[in-house]
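These notes concern the structure reproduced below.
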Amino acid sequence: MLNKIIEFSLNNKFFVLLGAIVLMFAGVYTAGEMDVDVFPDLTAPTVVVMTDAHGMAAEEVERMVTFPIETAVNGATDVRRVRSNSSQGFSFVWVEFDWGTDIFKARQIVSEKMVSLAGQMPLNVGQPTLAPQSSVMGEILFIGLQSDSTSLMDLRTIADWNVQPVLLATGGVSQVTIIGGDYKQYQVLADPQKMKYYNVSLEELAEVCEGISDNSAGNVVREYGNEYVVRGMGRTYDLEKLGNSYIK
């Protein structure tokens with residue numbers, strides 16, 4: 001067989017050269033149009049379910065949060081494997097689907113299963129949420145902000161309100177996590193002796209602090225065919241006004 005191929009090639013040099021040229025151009029065209037992936041995705045379609053269980057120990061998270069989620073997704077369509085990790089205050093569940101499953105279909109299936117768990121989660125436990133669509137082989141990029149004249153709080157504010165929205169608006173970016181810096185916040189330093197003197201409990205102080213700078217919604221006043229919105233304007237950034245808030 002090999003001798004016949006060699007004999008045919010020697011007797012038909014023109015056709016062999018023409019075929020080689022056609023294959024060469026076809027290869028160049030295919031290489032130019034082919035997607036290049038340095039690190040191909042070697043994992044099956046996976047949906048990650050995250051749940052915030054603040055204040056709960058790892059064994060409580062496993063028994064009361066992770067196990068119900070695993071039970072709900074175990075029998076879902078095209079699910080091949082379910083893995084989980086329970087730590088103090090957090091629950092992670094990885095739901096792996098069969099190869100070739102559309103990732104958007106997989107996320108829809110898991111979302112439908114999470115709806116049935118709305119009334120089964122313990123109190124003070126956040127609702128299970130789906131992590132952004134990304135691959136474990138995806139590239140992780142670290143960006144650092146530093147300055148000699150800007151404080152850590154201002155840098156954190158810039159990262160939260162200026163840098164993060166721009167990065168999330170970039171195609172191919174699935175998630176942006178900000179680490180470090182100082183949070184901009186108002187701190188209420190409670191004096192136990194003054195609270196005891198004025199008979200103010202810590203629960204009462206915390207309840208007032210939750211709505212210390214909120215606007216209250218009212219109704220509308222109708223007059224001569226016009227509607228006027230009535231609101232209680234209580235939102236302020238003045239520390240003196242915040243400190244004068246009524247407690248009891």
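The values are calculated or read from the model by the stated rules, or taken from the named source; none is laboratory data. Owing to the predicted nature of the structure, the values given are computational and were not obtained by experimental measurement. Here the Cβ positions follow ideal geometry from the backbone for every residue, glycine too, while neighbour counts run over all protein chains shown.
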**OP:** Quickly run through segment 137-152 and pick out the residues that are closer than 24 Å to Lys184 by Cα, part of a loop (DSSP other than H, G, I, E, B) and of a type in the set (A, V, I, L, M).
**Re:** Ile143, Leu145
Original post:
Going by the structure shown, is Gln127 touching a residue at least 24 places away in the same chain (Cβ under 8 Å), exposed (fewer than 14 other Cβ atoms within 10 Å of the Cβ) and under 28 Å from Phe104 (Cα atoms)?
Top reply: yes
**OP:** Could you grab the pairs with beta carbons closer than 6 Å, sequence gap of 6+ or different chains, first residue in segment 188-202 and under 14 Å from Ile247 (Cα atoms), second one exposed (fewer than 10 other Cβ atoms within 10 Å of the Cβ)?
**Re:** none
Subject >> Residue that is farthest from Asp102 (Cα to Cα), among those in segment 60-87 that are touching a strand residue (DSSP E or B) at 6+ places or on another chain (Cβ under 8 Å) and among the charged types (D, E, K, R) >> reply: Glu62
Original post:
Looking at segment 165-182, which of its residues are closer than 11 Å to Ser134 by Cβ and surrounded by 10 or more Cβ atoms within 10 Å (Cβ to Cβ)?
Top reply: Val173, Ser174, Gln175
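Restricting attention to segment 146-166, which residues are of a type outside the set (D, E, K, R) and without any contact (Cβ under 8 Å) to a residue 24 or more places away in the chain?
Initial filter on segment 146-166 (of a type outside the set (D, E, K, R)): 146-147, 149-153, 155, 157-159, 161-166.
If the condition is that a residue be of a type outside the set (D, E, K, R) and without any contact (Cβ under 8 Å) to a residue 24 or more places away in the chain, then Gln146, Ser147, Ser149, Thr150, Ile158, Ala159, Trp161, Asn162, Val163, Gln164, Pro165, Val166 are the ones that fit.
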Original post:
Regarding Leu155, is this residue closer than 30 Å to Gln185 by Cβ and part of a helix (DSSP H, G or I)?
Top reply: yes
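Matching residues to (1) farther than 16 Å from Gln185 by Cα; (2) free of Cβ contacts under 8 Å to residues at least 60 places away in the same chain; (3) among the acidic types (Asp, Glu); (4) assigned to a helix (DSSP H, G or I):
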position	(1), (2), (3), (4)
Leu205	yes, yes, no, yes
Ile212	no, yes, no, no
Arg222	yes, yes, no, no
Val229	yes, yes, no, no
Thr236	no, yes, no, no
Leu242	no, yes, no, yes
Original post:
Could we say that Ala106 is surrounded by fewer than 10 Cβ atoms within 10 Å (Cβ to Cβ) and either basic (Lys, Arg) or at pLDDT 85 or above (or both) here?
Top reply: no
Original post:
Yes or no: Ala206 exposed (fewer than 10 other Cβ atoms within 10 Å of the Cβ), hydrophobic (A, V, I, L, M, F, W, C) and not assigned by TED's automatic domain parsing to the domain that holds Gly55?
Top reply: no
**OP:** May I ask you to say which residue of Ser147, Ser151, Ser116, Ser134 is surrounded by 10 or more Cβ atoms within 10 Å (Cβ to Cβ), farther than 13 Å from Ile69 by Cβ and in contact with a helix residue (DSSP H, G or I) (Cβ under 8 Å, 6 or more places away or on another chain)?
**Re:** Ser147
Original post:
Quick check: anything in segment 162-171 at positive phi, assigned to a loop (DSSP other than H, G, I, E, B) and not assigned by TED's automatic domain parsing to the domain that holds Val73?
Top reply: no
